[in-house]
Amino acid sequence: VTLHVSLVGRTNLSREIYRQIRDAVVNGVLRGGERLPPTRVLARTLSVSRMTVTVAYELLTSEGFVVSRVGAGTFVSEDASRSRAESRRHDAEGLLRPRPIWQSIPLPTALAGPATFEFRSGIPDGSLFPHQLWRGLLLKAARAEASARASYGDPAGHPALREAISRSIGVSRGVTASADDVTVTNGTQHALDILTRVLLEPGDRVAVEDPGYWPPGRIFEALGARTVAVPVDREGLIVSAIPRRVRVVYVTPSHQYPLGVSMTLARRRSLLAWAERNDAAIIEDDYDSEFRFGGRPLEPLRALDVAGRVIYVGSFSKTLLPSLRLAFVVTPRSIRSAVHRAKFLSDWHSPTLLQAALARFIDDGLFARHLRRVNAVYRERHELVTTTLARDFADHLELYPSTTGLHVAARARNASVATVAEVARRAVADGVAVQLLSSFFAGAERRQAGLVLGYGGIATSDIDEGLRRLLRSFDSCAAGNRKPALTSRKA
Ligand SMILES: Cc1ncc(COP(=O)(O)O)c(C=O)c1O
């Protein structure tokens, strides 16, 4: 390299040569592996003695900025260059490092923009939400807040909302609970965060469903517990497969996520008996059972539980809006106070304004009315999706029985996990977003090929066209798969 070193007006010449070359390495002007001019050449260029340059090079060598190779010359050290890149990255990002577990936790894919035909699960239809009524209630709550003294609220939740929830779940879910048993949280996920802190020691084992909803397992793990994946069949969680020394079981009995099946009464009884024998707790996540399209609903585990081992979690994310971040826990009396303390330490309490508005929404009968209205819409979509799948996709998919909630799951009859992934990829290219059933399994060995189809985020009038395009993706993959078989036979 031609190296520019300026010695005009300098006295300590070796030091100056050293400093300028070091800065060039540190600033990336000289890169790892680059060769410095030989001492003799640089001495001549700068009109200094060769010794002056040699002293500078020795200093650079002793500090690791350059390395000299006998017979080859002096080179900028790769290490110095790497650590320079490293320190530049540190300058930009800061030096702090999170615990390794946070690197393995994904952010939700739902944040990707909506598709033209949105069949991804987990979202209700926002256009059905009574926004105008809600705005009115928020305004009223804001006025009340403006005339009150500023203060913190009760960690367990706004008293009127706790009362309203206890009445509402008594009517709609047959869960008998007093307002004292109800704690308001910021979504189901926050409820699980609190319950983990209250129930689990680091290293304790929690059983989760396989396939299942992944965020609960990750919060258990992030707080130090160990999860064990327990298989699910058409009757729900296979209770006999729960290993020993499990402290907590997390289940979705009303509408298993993602299979959509309802846990049979026999399984519910057997799970309660298992918890009793093993001195364990059950967390019952009842996230979307308010939407029911047939059959008699089975009683929630909480309603069957006489021993106080079931903690019931309900959410307003599907019945109203996920962005409200409002859910609730119904706790057995034995852990009630601990849950309030954990909620207090976590965020003191959920926002009073939203809680007050929601309490009025329930008390004024608007919640029940809203549920009746959206139930009729989702019933039609459920019917449309299930009959179309049964009729037009019979060669490709087999539906899991489901009469509840906002999604259905279907198993591929013949296609492999990879083929269904290709179908989904082609569907996305055609504007249709679906989820792979295989992606909900913990490990490769039980993984099933299939699809999960939600109907909360797609207009009823778009379902036909969306499913037509999905079928086209299946057919084009099937045709693509047949072709190589024919050619290979010919060969
Ligand atoms: C199984 C299950 N539980 C709970 C929820 C809702 O979570 P949250 O109340 O945190 O929005 C979802 C949403 O997709 C879910 O699928």
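Let me have the 222 nm mean residue ellipticity of the chain computed from DSSP H runs of 4+ only, each contributing -39500 (n - 2.57), with the sum over all residues rounded to the nearest 500. Please list the in-between numbers first.
On the way: 15 runs with 221 residues, N = 491.
Mean residue ellipticity at 222 nm (helix-derived): -14500 deg cm²/dmol.
So, R0 is 25 Å and r is the distance between the beta-carbons of Ser416 and Arg446; what FRET efficiency does that work out to, to 0.05?
Details: r = 15 Å, r/R0 = 0.59.
Once rounded, the FRET efficiency stands at 0.95.
With every protein chain left in place, what is the accessible area of Glu422 in Å² (1.4 Å probe, nearest 10)?
Its accessible surface works out to 50 Å², give or take rounding.
Give, as a single signed number, the net charge of other residues whose beta carbon lies under 10 Å from the beta carbon of Arg31, with Lys and Arg counted +1 and Asp and Glu -1.
Computed value for this residue: -1.
What residues of the stretch 335-376 lie in the reach of a label at Glu145, counting those whose backbone N is under 19 Å from a point 7 Å from the Cα along Cα→Cβ?
Residues passing the 19 Å test: 344, 347-363.
If the stretch 361-462 were replaced by its equivalent ellipsoid, with semi-axes equal to the square roots of 5 times the Cα gyration tensor eigenvalues, what would those be, largest first, whole Å?
Working: eigenvalues 176, 46, 34 Å².
Semi-axes from the Cα gyration tensor: 30, 15, 13 Å.
With +1 on each Lys and Arg Cβ and -1 on each Asp and Glu Cβ, how big is the dipole of the stretch 209-341 about its Cα centre, in debye rounded to the nearest 20?
Working: 19 positive and 14 negative charges, 76 e Å.
Roughly 360 debye, rounded to the nearest 20.
Report, in debye and to the nearest 20, how large the dipole of the stretch 1-160 comes out about its Cα centre when Lys and Arg carry +1 and Asp and Glu carry -1 on their Cβ.
Values: 21 positive and 14 negative charges, 100 e Å.
Dipole of the stretch 1-160, to the nearest 20 debye: 480 debye.
Using the Kirkwood formula over every pair of different C-alpha atoms, what hydrodynamic radius in Å results for the stretch 1-121? If you can, show how the numbers build up before the last one.
Numbers: mean 1/r = 0.0568 Å⁻¹.
Roughly 17.6 Å, rounded to one decimal.
By how many degrees, between 0 and 90 and to the nearest 10, does the Cα long axis of helix 417-429 differ from the longest principal axis of the chain?
On a 0 to 90 degree scale, this one is about 90.
Taking 7 Å along the Cα-to-C-beta vector as the label spot, tell me the Thr116-Glu398 distance in nanometres, rounded to one decimal.
3.4 nm
Taking θ = phi - 60°, what integer Hz values does the Karplus form 6.51 cos²θ - 1.76 cosθ + 1.60 yield along the stretch 262-272, in sequence order, with x for Gly and Pro?
Values per residue, Gly and Pro as x: 9, 5, 5, 4, 4, 5, 4, 5, 5, 5, 5 Hz.
For the stretch 312-433, with only Lys/Arg (+1) and Asp/Glu (-1) charged at the beta-carbon, what is the dipole magnitude about the Cα centre, in debye rounded to 20?
Numbers: 17 positive and 10 negative charges, 105 e Å.
Dipole of the stretch 312-433, to the nearest 20 debye: 500 debye.
List the pair-distance distribution P(r) of the stretch 192-297, using every Cα-Cα distance, as the percent of pairs falling in each 10 Å bin from 0 up to the bin containing the longest distance, rounded to whole percents.
15, 49, 30, 5, 0
Need the full-extension length gain, Arg372 to Asp233, defined as separation in residues times 0.36 nm minus the C-alpha distance. One decimal, nm. Mind showing how you got there, number by number?
Details: separation 139, 0.36 × 139 = 50.04 nm, distance 3.07 nm.
Full-extension gain reported as 47.0 nm.
Of all the C-alpha pairs in the stretch 90-180, what % are more than 18 Å from each other?
Values: 3084 of 4095 pairs.
Roughly 75 percent, once rounded to a whole number.
With a probe of 1.4 Å, find how much accessible area the chain has per residue, and write the answer as a whole number in Å².
Details: 24340 Å² over 491 residues.
The answer is 50 Å² per residue.
Where q = 0.21, 0.22, 0.23, 0.27 Å⁻¹, what log10 of I(q)/I(0) comes from the Debye formula for the stretch 20-90, counting one point per Cα?
Ignoring solvent entirely, the Cα scatterers give -0.86, -0.93, -0.99, -1.25.
In nm, to one decimal, how far is the Tyr152 label point from the Glu465 one, both placed 7 Å along Cα→Cβ?
In this crude label model, Tyr152 to Glu465 measures out at 5.3 nm.
Any idea what angle helix 159-173 forms with the longest principal axis of the chain, computed on alpha-carbon atoms, 0 to 90 degrees, nearest 10?
60 degrees
Along the charge dipole of the chain, pointing to its positive end and built from +1/-1 on Cβ of Lys, Arg, Asp and Glu, which listed residue (Gly157, Ile123, Ser77) has its Cα farthest out?
Checked the options; the winner is Ser77.
What percentage of the solvent-accessible surface of the chain, computed with a 1.4 Å probe over protein heavy atoms, is contributed by carbon and sulfur atoms? The partial results should precede the final answer.
Numbers: 13030 of 24340 Å².
That share works out to 54 percent.
What distance in nm separates the simple spin-label points at Ser127 and Ile101, each placed 7 Å from Cα in the Cβ direction?
Inter-label distance under the simple model: 4.2 nm.
On the principal axes of its Cα set, how long, how wide and how thick is the chain? Give whole Å, largest value first.
98, 82, 51
How large is the convex hull of the C-alpha atoms of the stretch 434-484 per residue, in Å³?
Details: hull volume 4.1 nm³, N = 51.
In the stretch 434-484, the Cα convex hull volume per residue is 80 Å³.
For the charge dipole of the stretch 347-491, defined by +1 on Lys and Arg C-beta atoms and -1 on Asp and Glu C-beta atoms about the Cα centroid, which residue among Thr403, Ala376, Gln435 has the Cα displaced farthest towards the positive pole?
So the residue we want is Gln435.
Compute the normalised compactness of the stretch 150-252: alpha-carbon radius of gyration over 2.2 N^0.38 Å, N being the residue count.
On the way: Rg = 16.1 Å, N = 103, 2.2 N^0.38 = 12.8 Å.
Taking N as the residue count of the stretch 150-252, the ratio is 1.26.
Subtract the Cα-Cα distance of Val171 and Ser337 from 0.36 nm times their separation in residues, and report this length gain in nm to one decimal.
Values: separation 166, 0.36 × 166 = 59.76 nm, distance 2.54 nm.
Between Val171 and Ser337, full extension yields an extra 57.2 nm.
The values are calculated or read from the model by the stated rules, or taken from the named source; none is laboratory data. These numbers were taken from a predicted model, which means no experiment stands behind them. Cβ sites come from the backbone with ideal geometry, for glycine too, and all protein chains shown count toward neighbours. These area figures cover heavy atoms from the full protein model, side chains too; ligands, DNA and RNA do not enter into them. Shrake-Rupley method; radii C 1.70, N 1.55, O 1.52, S 1.80 Å.
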